[in-house]
Amino acid sequence: MAKIIVDGIEVDVPPEYTLLQAAEAAGSEIPRFCYHERLSIAGNCRMCLVELVGAPKPIASCAWGVRDCRPGPNGEPPQVRTKTPMVRKAREGVMEFLLINHPLDCPICDQGGECDLQDQAMAYGVDSSRYAENKRAVEDKYIGPLVKTIMNRCIHCTRCIRFSAEVAGVPELGATGRGEDMEITTYLEQAMSSELQGNVVDLCPVGALTSKPYAFAARPWELTKTESIDVMDALGSAIRVDTRGREVMRILPRVNDDVNEEWISDKTRHVVDGLRTQRLDQPYIRQNGRLLPASWAAAFEAISAKIKATRPERIGAVAGDLAAVEEMFALKDLMTRLGAASLDCRQDGAALDPKNGRASYIFNPTVAGIEQADALLIVGSNPRREAAVLNARIRKRWRMGKFPIAVIGENADLTYAYDYLGAGSDTLAELAAGRHGFAETLKNAERPMILIGMGALARPDGAAVAALAAKAAAELGVVKDGWNGYAVLHTAASRVGALDIGFVPGAGGKSAADMTKAGASDVLFLLGADEIDVPPGAFVIYIGTHGDQGAHRADVILPGATYTEKSGLYVNTEGRPQIGSRANFPPGEAREDWAILRALSDVLGHKLPYDSLAQLRQALFMAHPHLQRIGEIAPGDAADVRKLAGQGGASEKAPFRSPVEDFYFTNPIARASAVMAECSTLAEGRSLSAAE
């Protein structure tokens with residue numbers, strides 16, 4: 001640690017700290033525009049000038065390291081002053097230069113109220129300008145359907161360029177020209193292709209880059225802010241849902257260094273319009289082949305009549321990818337009381353089973369643990385499409401150096417360099433047997449990782465592939481004392497929570513694939529399950545939010561609540577329980593899913609013993625105590641991975657394919673979004689042109 005005195009306060013800081021970080025550690029606030037703690041240092045806005053005692057002029061605190069400061073003449077610690085008249089005059093001069101060309105757009109700018117330049121102008125601006133010259137005019141650029149550009153406002157902080165190149169790994173933004181002719185552009189005015197591009201809006205300290213779908217929709221002080229959890233993938237990113245009245249206006253990221261740092265994917269951010277489009281807002285009953293509106297009482301009576309005439313072994317339930325733990329627990333409870341053992345959360349048929357132990361289906365090294373890993377093998381997964389923010393974390397570790405990565409599966413652009421080993425399970429078998437060069441790399445690593453995705457597990461031979469991957473983990477030192485590098489990357493937000501509570505077939509019960517075979521079931525509950533085909537014959541009860549595939553097949557529709565309209569528990573891919581809070585209310589007659597099941601159970605004569613969400617959670621936590629430790633991961637037992645390795649089985653030679661073919665259309669909410677449809681069309685066009 002190094003000693004430094006900031007405004008008379010002596011602090012101990014790491015020598016690699018910049019003066020800006022040291023000043024913040026001492027409690028001094030330093031204005032900045034170009035500096036961002038998660039991006040490289042540019043040092044080009046000069047707003048963070050401070051006085052270093054002994055230096056001939058003010059220095060940029062973001063670009064000057066503590067280790068570069070010389071001690072005083074008698075060996076005393078270096079001194080930094082942030083509030084002297086010289087510092088204030090220097091910052092006022094910088095602000096004056098920034099405002100020479102900046103337009104007076106504040107009343108019509110979407111950044112108004114959240115603008116760093118506006119905030120700092122209040123502190124360091126002046127009430128008039130000494131410059132009479134015409135302001136610089138820059139043509140607005142088209143960079144896609146998500147980011148709106150008003151480049152007259154740009155102050156050349158280059159945050160967007162650095163984010164695109166360093167974090168997103170798709171360096172499409174850059175600067176042309178010099179001085180006042182410098183412009184931020186995509187060079188060929190093409191749409192940005194990164195799945196993380198919306199984060200440049202958060203990074204932009206002025207109104208040059210704003211959200212195009214949100215343009216002129218609301219002002220920040222009109223909105224009610226609710227902290228919640230994202231369900232667009234299994235990462236469980238921390239988000240803030242901003243609402244006005246009953247309507248969600250926008251979704252922004254929250255800082256959570258253990259999960260998403262401060263980034264979210266474009267699907268998470270811009271799926272907002274899908275929350276209110278094609279919504280189910282009243283019950284429906286199918287009569288003479290047509291779905292007709294009905295009352296809740298009529299819908300419940302139709303379900304009751306059918307269930308009372310059906311044997312328990314002919315009743316099944318499938319939980320969808322966006323379901324919260326509470327409603328799955330309630331549905332499982334109801335099915336148990338009905339005597340039905342056929343329930344499943346694995347719409348895709350993934351070979352994951354709670355009886356194999358928690359370590360067999362969670363991301364054991366944790367998301368933050370990626371930064372401690374020193375080798376990575378990706379099996380049957382495309383992290384860029386399946387969990388874009390997690391992929392950025394892998395890229396972050398790769399940029400640190402000494403992180404060999406290999407892939408078995410699709411040979412796709414993952415935004416970082418890797419060795420492509422092969423396409424299918426035969427390559428994985430060679431690796432597990434130590435007959436491949438990368439096996440030595442994993443053996444020699446201190447903390448190696450094997451990331452296995454649903455592209456490898458959601459196949460008929462998924463159990464054999466899982467055993468093969470676990471065997472490789474056990475043989476190559478991926479699982480050892482103090483480190484478990486066996487990482488399962490899920491694609492469904494509900495999956496880990498469902499496996500934790502045992503939402504899988506009981507004794508004599510059928511799996512999702514068996515339940516949906518022709519003639520296998522007479523009554524089928526679909527709890528938001530839209531990614532599964534149900535053949536004619538079964539009586540389908542759909543509890544969901546959108547008029548998607550499940551609703552089209554349903555005989556009775558019970559309208560539920562989306563993730564922003566209910567308080568729900570979600571367990572992310574690393575096994576971390578998190579609570580999403582209700583930001584608004586469901587439309588029309590729609591109700592929260594657990595409340596629907598509670599009301600239905602009364603009509604069926606098997607009343608569930610909880611009348612409130614608090615009582616339901618109390619029952620849930622009594623049955624599964626680890627779920628009440630919100631934000632804490634209950635680690636899996638490494639012995640489970642070794643046990644899984646011994647299961648064996650014959651694997652097919654078919655290549656692994658990622659289950660996410662279209663990043664923008666993975667669930668009913670996304671498929672209802674016009675913004676996601678536009679992004680999907682653009683991505684498809686890029687894929688076609690690349691193929692040509």
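The values are calculated or read from the model by the stated rules, or taken from the named source; none is laboratory data. This one's a predicted model, so the numbers in the text were calculated from it and none came from an experiment. Cβ atoms come from the backbone with ideal geometry, glycine included; neighbour counts cover every protein chain shown. Accessible surface is based on the protein model in full, side chains and every heavy atom, while ligands, DNA and RNA are left aside. Shrake-Rupley method; radii C 1.70, N 1.55, O 1.52, S 1.80 Å.
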Within segment 8-23, the residues whose backbone N lies under 15 Å from a label point placed 7 Å from the Cα of residue 55 along the Cα-to-Cβ direction are 17-23
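Using r as the Cβ-Cβ distance of residue 443 and residue 634, and R0 as 30 Å, what FRET efficiency do you calculate, to the nearest 0.05? Intermediate results must be reported in sequence, preceding the final value.
Values: r = 29 Å, r/R0 = 0.97.
E(calc), rounded to 0.05, equals 0.55.
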Low-density loop GluC sites (Glu not before Pro), segment 137-231, at most 13 other Cβ within 10 Å, DSSP non-H/G/I/E/B, are 139, 189
Here segment 663-677 yields Karplus 3J(HN,Hα) values (6.51, -1.76, 1.60; θ = phi - 60°; whole Hz; Gly and Pro given as x) of 4, 8, 10, 9, 8, x, 5, 5, 5, 8, 8, 5, 5, 5, 5
Its Cα gyration tensor gives segment 58-123 an equivalent ellipsoid whose semi-axes in whole Å, largest first, are 34, 12, 10
PRE zone check, label point 7 Å out along Cα-to-Cβ of residue 219, amide N under 16 Å, scope segment 100-133, hits 105-115, 118-119
Within segment 177-281, DSSP-loop trypsin sites (Lys or Arg not before Pro) with at most 14 other C-beta atoms within 10 Å are 178, 246
quick note, the chain, DSSP beta bridge pairs, % antiparallel (nearest 5) is 55
If the chain between residue 188 and residue 614 were fully extended at 0.36 nm per residue, the gain over the current Cα-Cα distance would be 147.8 nm
For the chain, one quarter of the surface area of the C-alpha convex hull, expressed in nm², comes to 33.9
Averaging 1/r across every pair of distinct alpha carbons in segment 374-433 and inverting yields a Kirkwood hydrodynamic radius, in angstrom, of 11.9
At the level of C-alpha centres, the distance separating segment 42-61 and segment 654-685, in angstrom, is 47
Calc'd 3J(HN,Hα), segment 161-167, phi into Karplus 6.51 cos²θ - 1.76 cosθ + 1.60 (θ = phi - 60°), Hz, glycine/Pro = x, comes to 5, 5, 4, 4, 7, 9, 8
If the chain between residue 602 and residue 40 were fully extended at 0.36 nm per residue, the gain over the current Cα-Cα distance would be 196.4 nm
Counting only protein heavy atoms with a 1.4 Å probe and every protein chain in place, the carbon and sulfur fraction of the accessible surface of segment 284-328 in whole percent equals 52
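To the nearest 20 debye, what is the magnitude of the charge dipole of the chain about its Cα centre, counting +1 on the Cβ of each Lys and Arg and -1 on the Cβ of each Asp and Glu?
Dipole about the Cα centre, nearest 20: 580 debye.
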Of every hundred units of 1.4 Å-probe accessible area on segment 420-488, the number belonging to carbon and sulfur atoms, as a percent, is 44
Stretched fully, the stretch from residue 581 through residue 297 gains (0.36 nm per residue minus C-alpha distance, one decimal, in nm) 99.4 nm
Computed about the Cα centre, the charge dipole of segment 167-214 from +1 Lys/Arg and -1 Asp/Glu charges at the Cβ has a magnitude in debye, to the nearest 20, of 80
Distance in nm between residue 654 and residue 133 label points, each 7 Å along Cα→Cβ, equals 6.6
Rounded to whole Å², per residue accessible area for segment 349-421 with a 1.4 Å probe reads 30
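Taking segment 546-619, which chymotrypsin sites (Phe, Trp or Tyr not before Pro) meet the DSSP loop condition and have no more than 10 other C-beta atoms within 10 Å?
Those that pass, being in a loop and sparsely packed, number zero.
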The aspartates and glutamates whose Cα lies under 15 Å from the Cα of residue 643, excluding any fewer than 8 residues away in the same chain, are 353, 475
Calc'd 3J(HN,Hα), segment 317-322, phi into Karplus 6.51 cos²θ - 1.76 cosθ + 1.60 (θ = phi - 60°), Hz, glycine/Pro = x, comes to 9, 10, 8, x, 7, 10
